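Derivation of every value follows stated rules applied to the coordinates shown; laboratory data play no part. Remember, predicted model here, so these are calculated numbers, not experimental data. Cβ coordinates were reconstructed from backbone atoms using ideal geometry, including for glycine residues, and neighbour counts include every protein chain displayed.
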Amino acid sequence: MATLATMWKRSSALAAIGERGGIRESDPCALRGLPNDGVFFYSKKIDNSRMIRQADPNASDECWSAVGAGALLLMLGVSIVAPHVALVRSGYQLEAAKAERQTLLDQRRDLEVREAGLLSPVRLNNIAKERNLTSPMANQIVHLDGQNPQGNLASNRTPTVPGGR
């Protein structure tokens, strides 16, 4: 089956177009007119400044109904979102507490290591040698065992210092 374009002969198609004022065979470079080229639109300026709108008595009721519905939707949205936000915030607080606990445990471990270093017998002996400290004599040692009826010996007796007064 042939299409419409193949049924016509080129000369008859150009003749039909030429009769309507379209493209003529004599001017092959001429363009056809644009669609709706003969349609003109006019605009008329309208002045509505003298018009006065009448108040609608139902408009305020509709407005308050819309405000109420919006407030209700807002409350519903907040009640749905608020628990999720609280859950996320508590998760952040929990992670912050875990991080603080780990920091405190690290500080405690560091302090225990430092205390052990400060109380080591080697360090104490070195400090004693630098300050010319010696071990106490037998008569300078007072044992506080709590069996003395007169009370505490440390508060009753002054220790004797060798070579002193």
For segment 81-133, list log₁₀ I(q)/I(0) at each q in 0.21 Å⁻¹, using the Debye formula over Cα point scatterers of equal strength and ignoring solvent, two decimals each.
-0.79
Based on the alpha-carbon set only, what is the convex hull volume of segment 30-101 divided per residue, in Å³?
366
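Only sites in a loop by DSSP and with at most 11 other Cβ atoms within 10 Å count here; which trypsin sites (Lys or Arg not before Pro) in segment 57-153 make the cut?
ARG131
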Candidate cut points under chymotrypsin sites (Phe, Trp or Tyr not before Pro) in segment 40-122, DSSP loop plus at most 10 other Cβ atoms within 10 Å of their own Cβ, are PHE40, PHE41, TYR42
